[in-house]
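The values are calculated or read from the model by the stated rules, or taken from the named source; none is laboratory data. These numbers were taken from a predicted model, which means no experiment stands behind them. Please note: Cβ atoms are built from the backbone with ideal geometry, for glycine as well, and neighbour counts cover all protein chains shown.
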Ligand code: RAT
Ligand code: ZN
């Protein structure tokens, strides 16, 4: 006896077969063969998830933007529990609770600030924000017992670490191969170390950061002239030539992989501003000569609340027309971009589809939270496939590499699982070797390809 469910199923199958027969019949004669959707022996979701997890965990990351320093820079390389606690992301959160004038907070020692932040964000309230959770992920991964809530024993544990060994152990624990520093000749603590020279750590790469040069030309003109460059405040041909010499000197001295600048939301290009003139007449010629990409980070409103110091910067929606202009007008140049505003992400993806000299990277700063990494990475894969770099850590404290990458890896795994699951539903099979290849592309391979790619030797852009 056939029950009604089986009967309905049989009718549906017959309808489906009839539908396919009609399509085949009506289709113009071709060598396309039609068949029922492939459903045989699908890989179990658990297996696929494990394979992706293996690829995501095993792939060593090239972290393309951090604020860490080569250990040769001594105290400039921050690490340990107090530096973790006084990270400006946590300062902003703690000062929301602390009944203390900002200047009183800044007068305290680092240890006192850390004590207050621990008290407010970990003991008086549950530490559920991304930055707080990050500290606990880090401590837990390092083998410390977070249940004890004992700040002083955590301090003692770090005090017993040997910095030189700690660096490699943290990088290894974080699954990070190399980190790219943010190197600024305008930083008075950093500059003399470069001038003196030192033996480079092979896992620390360099990027030349030029915010002051572009965003505060009067002050930078003064500094460049102190350093022997013949510049005037007027951006005439001689001055621009000297700025190029400065970029050349520092690009070579630090062996910079690329140049970087963060920009306000209203950045304009082309324009008669010092920033736009310097970009057009010094930065882009330098990048053209050397093949170095220019990384732009639009959307930061500096000093929205200056009393908070480093924690006082905000976000604004950027106009991306200047970026479109740059990509279209300088097809031989390479632009790497991360935008701070969530609302800029979709337009940016569409722009990257139009211009292959544009590489999108990272979920920057306020977008480096699990929910936004998920959203942005999903959108990027849907519009760009694998031709982008989903994340950079922006770590300022060495140990942060552990949590920033643990948290990001988890989200990237989830997004990839969804995407490969969708592929499997079509009958397409991705091998484990292909999964590893794809993850390597996302974790630094694609950025390396972009940096080495020479747009001049290839056919022009072909917008889709
Ligand atoms: O994320 C941060 O730590 C910010 O303070 C900025 O440094 C930002 O990442 C930048 O590079 O300007
Ligand atoms: Zn940064």
- Message: If I ask for residues that are surrounded by fewer than 13 Cβ atoms within 10 Å (Cβ to Cβ) and closer than 21 Å to residue 78 by Cα, which ones from the stretch 203-235 would you list?
- Response: none
- Quick one: in the stretch 355-366, which of the residues that are surrounded by 22 or more Cβ atoms within 10 Å (Cβ to Cβ) and within 16 Å of ligand 2 (Cβ to nearest atom) is nearest to residue 326 (Cα to Cα)? 360
- Note on the structure: By residue number, the members of the stretch 410-440 that are buried (at least 20 other Cβ atoms within 10 Å of the Cβ) and under 28 Å from residue 260 (Cα atoms) are 411, 412, 438, 439
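State whether one or more residues within the stretch 191-202 are surrounded by 22 or more Cβ atoms within 10 Å (Cβ to Cβ) and either under 19 Å from residue 78 (Cβ atoms) or under 28 Å from the mean Cα position of the chain (by Cα) (or both). Let's see the steps before the verdict.
Initially, the stretch 191-202 is screened for residues surrounded by 22 or more Cβ atoms within 10 Å (Cβ to Cβ), giving none.
Checking the stretch 191-202: not a single residue is surrounded by 22 or more Cβ atoms within 10 Å (Cβ to Cβ) and either under 19 Å from residue 78 (Cβ atoms) or under 28 Å from the mean Cα position of the chain (by Cα) (or both).
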- Task: Test each condition in (1) more than 15 Å from ligand 2 (Cβ to nearest atom); (2) within 22 Å of residue 245 (Cβ to Cβ); (3) in contact with a helix residue (DSSP H, G or I) (Cβ under 7 Å, 6 or more places away or on another chain) for residue 287 and report the one that comes out false.
- Result: (3)
- Give just the number: which of (1) closer than 24 Å to residue 336 by Cα; (2) touching a residue at least 60 places away in the same chain (Cβ under 8 Å); (3) away from ligand 1 (no atom under 16 Å from the Cβ) does residue 179 not satisfy? (3)
- Note on the structure: Residues of the stretch 374-388 being within 17 Å of residue 417 (Cα to Cα) and either within 16 Å of ligand 1 (Cβ to nearest atom) or within 14 Å of the chain's Cα centre (by Cα) (or both), in sequence order, are 374, 376, 377, 380
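I need the helices (runs of 4 or more DSSP H) fully contained in the stretch 200-306, keeping only those with at least 3 residues that are touching a residue at least 60 places away in the same chain (Cβ under 8 Å) and within 16 Å of ligand 1 (Cβ to nearest atom). Steps first, please.
Values: elements: 211-215, 217-226, 237-254, 274-278, 284-290.
Once the helices (runs of 4 or more DSSP H) in the stretch 200-306 are filtered for at least 3 residues that are touching a residue at least 60 places away in the same chain (Cβ under 8 Å) and within 16 Å of ligand 1 (Cβ to nearest atom), what remains is 211-215.
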- Query: Taking residue 352, is it more than 30 Å from residue 171 (Cα to Cα) and surrounded by fewer than 19 Cβ atoms within 10 Å (Cβ to Cβ)?
  - Reply: no
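Can you tell me which residue among 358, 326, 351 is more than 19 Å from residue 456 (Cα to Cα) and in the same structural domain as residue 443 (by TED's automatic domain parsing)? Before you say what the answer is, go through the steps one by one.
Values: 358 fails: more than 19 Å from residue 456 (Cα to Cα); 326 fails: more than 19 Å from residue 456 (Cα to Cα).
Sole residue among the options that is more than 19 Å from residue 456 (Cα to Cα) and in the same structural domain as residue 443 (by TED's automatic domain parsing): 351.
Restricting to the stretch 302-321, give me the number of residues that are over 16 Å from residue 214 (Cβ atoms) and touching a strand residue (DSSP E or B) at 6+ places or on another chain (Cβ under 7 Å).
Here is the first cut: in the stretch 302-321, the residues over 16 Å from residue 214 (Cβ atoms) are 303-317, 319-321.
Next cut, touching a strand residue (DSSP E or B) at 6+ places or on another chain (Cβ under 7 Å) only: 304, 313-316.
Looking only at that region, the number is 5.
Matching residues to (1) within 16 Å of ligand 1 (Cβ to nearest atom); (2) closer than 19 Å to residue 77 by Cβ:
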| position | (1), (2) |
| --- | --- |
| 95 | yes, no |
| 102 | no, no |
| 115 | no, no |
| 133 | no, no |
| 140 | no, no |
| 148 | no, no |
| 156 | no, no |
| 164 | no, yes |
- In the stretch 441-460, anything surrounded by 15 or more Cβ atoms within 10 Å (Cβ to Cβ) and at pLDDT below 95 is listed as 453, 455
- Query: Somewhere in the stretch 41-59, is a residue buried (at least 20 other Cβ atoms within 10 Å of the Cβ), within 16 Å of ligand 1 (Cβ to nearest atom) and either at pLDDT 95 or above or closer than 22 Å to residue 404 by Cβ (or both)?
  - Reply: no
- Query: Among the residues of the stretch 60-93, which ones are more than 14 Å from ligand 1 (Cβ to nearest atom), under 19 Å from the mean Cα position of the chain (by Cα) and in a helix (DSSP H, G or I)?
  - Reply: none
